[in-house]
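Here, each number is a calculation from the coordinates, and none is a lab measurement. As the structure is a prediction and not an experimental result, all values here were calculated from the model. All Cβ positions, even for glycine, are placed from backbone atoms using ideal geometry, and neighbour counts span all protein chains on display.
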Amino acid sequence: SQKPTDARLAPLPRRRSRLIDREQELAQARALLQREDVGLVTLTGPGGVGKTRLALEVGAELAPQFAVGAAFIELASITDPRLVVSTVARALGLSEAGNQGELVERLLEYLRPREVLLVLDNTEQLLAATAPLAAQAPEVAPRLKLLATSREPLRVRDEQIVPIHPLALPDPAQVPDLAQLSAIPSVALFVERAREANPAFVLTTDNAATIVELCQRLDGLPLALELATARLSLLTPATLLQRLEHRLPLLSRGARDLPQRQQTLRNTIAWSYDLLQAGEQVLFRRLAVFVGGFTLEAVQAVCLPEAPGASSAQANDEGETLEQLAQLLDKSLVQAQQGNSGEPRFTMLETIREYAADQLVASREEAAVQERHARYFLRLAEEAVPHLYLPAERDSWMERLEPEEANLRVALAWCEAKQDRVETGLRLAGALSFYWFLRGSVPLCKGA
């Protein structure tokens with residue numbers, strides 16, 4: 001069995017921006033997790049409200065108080081409930097070998113003596129699998145603490161809920177002086193992000209009323225504010241408000257219940273999508289085929305239609321795709337992160353990826369893009385095989401394949417669902433067999 005010192009915890013992602021407001025929620029979550037009689041705290045709220053950002057702040061503050069530290073477990077890219085336990089095990093550096101029952105027992109045995117904080121991010125689509133684990137683990141591991149983020153509570157016994165609301169809004173009927181206005185959380189975030197997009201931006205008496213209205217229209221949702229302010233590199237606040245009024249009639253001060261907030265966020269993304277150039281829109285929707293992130297190489301292989309042969313036109317297309325990806329990064333529709341090998345890796349927020357996926361279906365390109373996605377990951381898997389058999393190269397190739405676990409599973413599932421792609425699926429499964437052996441895990445597909 002593994003000793004406490006053996007743990008190789010998945011680290012908390014680095015916080016890149018200042019946390020604005022949230023002092024009350026931060027103090028509440030921190031105090032709850034420090035109580036002996038509390039094992040599970042769930043941060044709840046609509047998509048885009050900043051639950052993950054707050055969870056990272058809480059985790060970073062409390063991690064030094066735990067003997068083993070804190071582990072970050074991202075569940076957003078998982079759709080199969082059967083993969084929850086193996087994902088948690090992987091974040092703790094445990095083997096994923098064996099059936100589900102054996103894996104649960106190994107996980108609980110590992111957690112039982114340890115003082116550790118687990119941050120479970122984006123649990124809402126996996127409540128049926130996450131809730132039993134969240135209920136059982138603190139029972140057997142008294143020094144374990146769980147901090148979950150979800151759009152709805154896990155609804156298990158002894159769960160403590162900390163609701164995360166949109167940022168406080170200014171009163172448009174009584175706009176205060178600039179010093180007071182800039183201290184209101186939604187305005188503070190708007191101004192900070194506006195300056196990132198346009199360093200010359202300044203809150204003035206001339207634009208104050210417009211910015212108050214923008215914050216109202218965006219309902220104080222941090223993601224909505226960030227998507228909107230990304231446009232201030234090109235637009236003035238007044239022009240931004242005009243476009244927002246035209247595209248998002250549902251963004252009104254009366255829209256306060258959760259379903260409406262979700263609709264609001266969708267419309268905010270729709271507005272941001274409609275402002276993209278045609279080529280940027282094409283790339284944005286094609287990126288939805290990736291699950292769990294992607295590399296630049298993958299983007300160029302999957303999102304570029306294949307040319308009859310290598311040519312200067314193809315090279316131009318690749319350069320254009322690079323520029324379009326940079327635009328999506330600038331416009332807060334894609335995020336960059338550092339990959340295992342130092343190669344840049346990119347992700348989309350799940351709410352944004354869902355919208356992109358809808359657009360991909362509507363474009364009637366979905367089948368062709370999924371085909372290219374499956375072919376690319378088959379090529380990657382087959383390329384890896386000889387390197388995995390060489391001890392000197394094995395670790396570097398394992399590090400290359402591991403971040404693509406979700407993409408490989410999605411490609412395999414797509415092949416399985418298509419009768420005319422069974423051969424591709426069998427080739428992919430065969431190419432991955434030694435990788436799975438080394439990982440101590442086998443994927444779960446339909447009928448498995």
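Among Arg90, Arg217, Arg157, the residue with the largest mean-square fluctuation in a Gaussian network model of the chain, with springs joining Cα atoms closer than 10 Å, is Arg157.
The distance separating the Cα centre of segment 48-90 from that of segment 200-243 comes to 32 Å. Looking at segment 4-163, the DSSP beta bridges with both ends there are about 0 percent antiparallel.
Qualifying GluC sites (Glu not before Pro) in segment 353-424, where qualification requires a DSSP coil assignment and no more than 13 other C-beta atoms within 10 Å, are lacking entirely. Computed from the Cβ-Cβ distance with R0 of 30 Å, the FRET efficiency linking His387 to Leu296 stands at 0.90. If you count Lys pairs in the chain whose Cα atoms are under 27 Å apart, skipping same-chain pairs closer than 8 places in sequence, the total is 4.
Largest GNM mean-square fluctuation among Ala27, Ala55, Ala135, using the chain with Cα springs under 10 Å: Ala27. Computing FRET efficiency as 1/(1 + (r/R0)^6) for Ala326 and Ser396, where r is the C-beta to C-beta distance and R0 is 25 Å, gives about 0.35. With the simple model of a label 7 Å out from the Cα in the direction of the Cβ, Gln24 to Val202 spans 3.4 nm. The calculated FRET efficiency for the pair Arg82 and Ala362, based on their C-beta separation and a Förster distance of 41 Å, comes to about 0.85. The residues packed around Leu117, meaning those with a beta-carbon under 14 Å from its beta-carbon, carry a net charge of +1 if Lys and Arg are +1 and Asp and Glu are -1. Anyone know which of Gly101, Gly59, Gly293 comes out most mobile in the 10 Å Cα GNM of the chain? Result for the chain, Cα springs under 10 Å: Gly101 fluctuates most. So what is the 222 nm mean residue ellipticity for the chain from helices alone, if each DSSP H run of at least 4 adds -39500 (n - 2.57) and you divide by all residues, rounding to the nearest 500 deg cm²/dmol? Calculated at 222 nm, the ellipticity per residue is -16500 deg cm²/dmol.
Sequence-distant contacts, meaning Cα pairs under 8 Å at least 6 residues apart, place the relative contact order of the chain at 14 percent.
DSSP beta bridges fully contained in the chain are about 25 percent antiparallel.
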